[in-house]
Every structure is written in structure tokens, then in C-alpha cells.
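The values are calculated or read from the model by the stated rules, or taken from the named source; none is laboratory data. Since the model is a prediction, treat every value here as computed from it, not as a measurement. Quick reminder, even Gly has a Cβ in these numbers, built from the backbone with ideal geometry, and neighbours come from all protein chains shown.
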Amino acid sequence: MNKISKKSLHEAADWLIRQQEQPLSDDEQKQLQQWLALNKDNQCAWQRAQHFINQVDTLPKGIAYAVLNRPDDETRRLHLGKLALLLASGPFIWGSYKVVDNQQWNADYRTAKGQQKQVTLPDGTTVKLNTATAFDISFDDKARLLSLREGEIQVHTTSTPSQKRNPFIVKTRDAILSPLEANFTVRQYSDLTRVGVIQGRVKASPKFAENTQDNIIKAGYQIELSSHAFLSRQALESNTTSWLDKMIAVHNMPLNQFIQEVSRYHSGLLRVAPEIANIDISGAFPIKDINIIFSMLSHTYPIQINSHLGNYWVTIEAV
């Protein structure tokens with residue numbers, strides 16, 4: 001993305017707001033054309049402004065329309081600054097405002113970014129959905145199938161000895177999981193699946209592995225697997241299940257990776273300065289209040305938090 005001068009971006013923001021307030025007069029149209037002819041930065045800034053207005057519906061309405069609605073004299077500078085900031089950020093920040101993946105909207109069960117909820121399936125199985133999660137179910141005379149599209153779930157199967165039941169199966173992009181009266185979590189990453197068993201046992205198989213041995217995961221353990229192989233097996237870690245208590249619990253996690261975890265719950269853009277990306281973070285942080293997370297970080301580590309647009313765009317830098 002080409003760098004555009006702040007002056008051109010600010011002026012483009014000004015022209016865009018003027019255009020949104022009311023149609024430009026003939027004289028204003030001439031002034032706009034003269035401004036565009038001054039230099040290439042102005043032209044690029046105006047192109048970005050036009051792209052922004054075409055994409056404005058992808059932004060949170062509280063920001064998009066607060067910026068575009070007719071600002072009075074006292075708040076005009078603030079609105080211009082916010083809009084210029086958005087123009088400077090380019091499409092990357094606009095795309096980050098998606099609540100859930102486009103493929104999730106028609107899932108049987110789903111949560112938005114930052115939302116958690118619990119559902120009870122027709123067979124009595126309870127499922128907790130973490131942020132930005134989606135899954136489908138298909139119950140027939142052969143199996144009770146839960147297909148995880150995205151995100152993270154906790155599954156608690158029930159046992160009713162008097163009632164014969166078909167096998168319960170959880171499928172992800174990588175794995176086929178068969179719980180044996182279990183309470184367990186499943187998280188779908190971009191390139192692997194992580195399973196943590198709280199109670200009971202879970203039989204796990206990579207989707208495309210022909211022969212798998214030692215694939216029974218007992219309570220107190222977690223595994224990671226790709227579609228072809230098991231990648232790791234270890235004791236169940238607190239950060240695997242802390243979301244069930246509405247917390248992010250980490251131990252010596254690099255700051256950049258920690259902020260990626262926080263971003264799962266935050267509808268906005270979080271950025272970490274490269275020079276502090278590897279600071280080790282430890283502790284338990286509340287999911288529901290990002291301001292508390294930022295306060296805890298800034299009081300514990302040599303970093304400062306710079307927030308823009310009401311915490312929608314946050315940069316974390318060295319003190």
C-alpha cells in the first residue's frame with residue numbers, strides 16, 4: 001500500500017465530509033478538481049476516500065455514521081481526524097470489522113465476535129460457543145454429527161443407559177472426534193485442531209490418516225492434530241479452558257501472540273510495535289473488558305496503549 005501524506009489524507013477527509021453534507025456546488029466541484037490536479041498524493045487520497053465510502057457499511061455504524069453525519073463546528077476537527085485515520089489505514093482495517101466469517105452466517109448455531117453462549121442439542125448434549133464460532137448439526141439413524149466450521153466449543157455429552165443412542169461425532173477441518181461420555185473443548189485453528197479433555201475420554205483421528213494408534217485422549221490432557229497426523233500431546237493447560245471462565249490465562253506468551261488472542265474478542269484492530277512483540281506476558285485477563293486488559297498490561301509491562309476511535313483501533317508501543 002503506497003504511503004500517502006497526512007496532509008492529503010486530511011484534505012481528502014474534509015472533501016468527503018463536505019460531499020456527504022450536501023451536493024457540491026459548481027464552484028466546489030472546480031475547487032475539488034483543482035485540488036486533485038495539484039499532486040499525485042491528492043489523487044491517491046481521493047481514490048482511497050471513494051473506496052472508503054463504498055465500503056462504509058463494513059464499519060461499525062457508530063463510527064461510520066458518526067464520522068459522516070454532518071459535524072458541527074466544534075466537533076468537525078475530531079471527525080476529520082477520525083476519518084483521516086480510517087483513510088490512512090486502508091482496506092486492511094476495514095476488513096477487520098467482520099463479526100464472523102462470511103461462511104458462518106447460515107450455520108445452525110453461531111456467535112458473533114465477542115459473544116459467548118450455551119445451547120442444548122436435541123439429544124441433551126450441551127455445547128458452549130466461544131467468540132466468532134459456528135457449527136452445524138446433523139442427527140440421523142447412523143450418527144449424531146456436529147460439524148465445527150470456525151471457532152471454539154465446549155461439548156458435554158450425556159449418558160442415558162435406558163435409551164440407545166447413535167454415536168456422537170465432532171468433525172473439524174482436520175479431525176474426527178468421538179467422545180466417550182466426555183466433557184471437552186475443541187478449537188479450530190487455520191491449520192490445526194486443538195482438543196482438551198476435561199472429563200471422560202475422546203477418541204481422536206486425523207481426517208486423512210489411514211492408521212492411527214494411541215488415539216484415546218484421557219481427561220487432563222490436550223492434543224493438537226493436523227488433517228494427517230498428531231502434532232502434540234501434553235497435560236491440559238489453563239489457557240485451553242480459561243475462556244469457560246470468561247478469562248484469557250497465559251504463561252510466558254509473547255505479547256504479539258497474546259494480542260492475537262485478545263483480538264478474537266475485540267471488534268477492531270489491535271497492533272503491536274515490532275520492538276516489543278516478544279515481551280513475555282503472564283496472567284489471567286478478563287475477556288469482557290478490554291480496557292481492564294490494557295490497564296493491566298500498561299501497569300505491569302514497559303508498554304503504552306494508544307487508543308483511537310473509541311478503542312476500535314489500538315496500537316501498543318514501548319514506553
**Request:** Return the pairs, sorted by first residue and then second, in which the second residue is crowded, with 20+ Cβ neighbours inside 10 Å and modelled with pLDDT of 85 or more, the first residue lies in region 307-318 and is assigned to a loop (DSSP other than H, G, I, E, B), the beta carbons are less than 7 Å apart, and the residues are 6+ apart or on different chains.
**Result:** Asn311/Ile290
**Request:** Taking Gly200 as the residue in question, decide whether it is of a type outside the set (Lys, Arg) and on the phi > 0 side of the Ramachandran plot.
**Result:** yes
**Item:** Failed item, numbered, when Thr158 is tested on (1) crowded, with 20+ Cβ neighbours inside 10 Å; (2) at negative phi; (3) touching a Ser or Thr at 6+ places or on another chain (Cβ under 7 Å)
**Value:** (1)
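Search region 88-111 for residues being exposed (fewer than 15 other Cβ atoms within 10 Å of the Cβ) and not in a helix (DSSP H, G or I), and hand back the single one that is modelled with the highest pLDDT. Can you show your working first?
If we filter region 88-111 for residues that are exposed (fewer than 15 other Cβ atoms within 10 Å of the Cβ), which is where we start, we get 91-92, 95, 98, 101-103, 105-106, 108.
Filter once more, keeping what is not in a helix (DSSP H, G or I): 98, 101, 105-106, 108.
Numbers: Lys98: 45, Asp101: 44, Trp105: 61, Asn106: 77, Asp108: 90.
If we take residues in region 88-111 being exposed (fewer than 15 other Cβ atoms within 10 Å of the Cβ) and not in a helix (DSSP H, G or I), then Asp108 is modelled with the highest pLDDT.
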**Asked** Can you spot a residue in region 136-151 that is among the aromatic types (Phe, Trp, Tyr) and at pLDDT 95 or above?
**Response** no
**Criterion violated by Ser227 - all others in (1) within 22 Å of the chain's Cα centre (by Cα); (2) over 24 Å from Lys128 (Cβ atoms); (3) not β-branched (Val, Ile, Thr) satisfied** = (1)
**Item:** Identity of the residue in region 254-294, surrounded by fewer than 13 Cβ atoms within 10 Å (Cβ to Cβ) and among the polar types (S, T, N, Q), that ends up modelled with the lowest pLDDT
**Value:** Asn291
**Matching option when the condition is within 30 Å of Val197 (Cα to Cα) and among the β-branched types (Val, Ile, Thr), among Ile223, Ile303** = Ile223
**Item:** Scope region 168-214; condition aromatic (Phe, Trp, Tyr), buried (at least 21 other Cβ atoms within 10 Å of the Cβ) and under 27 Å from the mean Cα position of the chain (by Cα); matching residues
**Value:** Phe184
**Prompt:** What about Ala84, is it at pLDDT 60 or above and either loosely packed, with under 14 Cβ neighbours inside 10 Å or part of a helix (DSSP H, G or I) (or both)?
**Reply:** yes
**Asked** Which residue, of Ser295, Ser226, Ser242, Ser307, is under 16 Å from Gly114 (Cα atoms) and either polar (S, T, N, Q) or out of contact with any Ser or Thr (no Cβ under 9 Å at 6 or more places or on another chain) (or both)?
**Response** Ser242
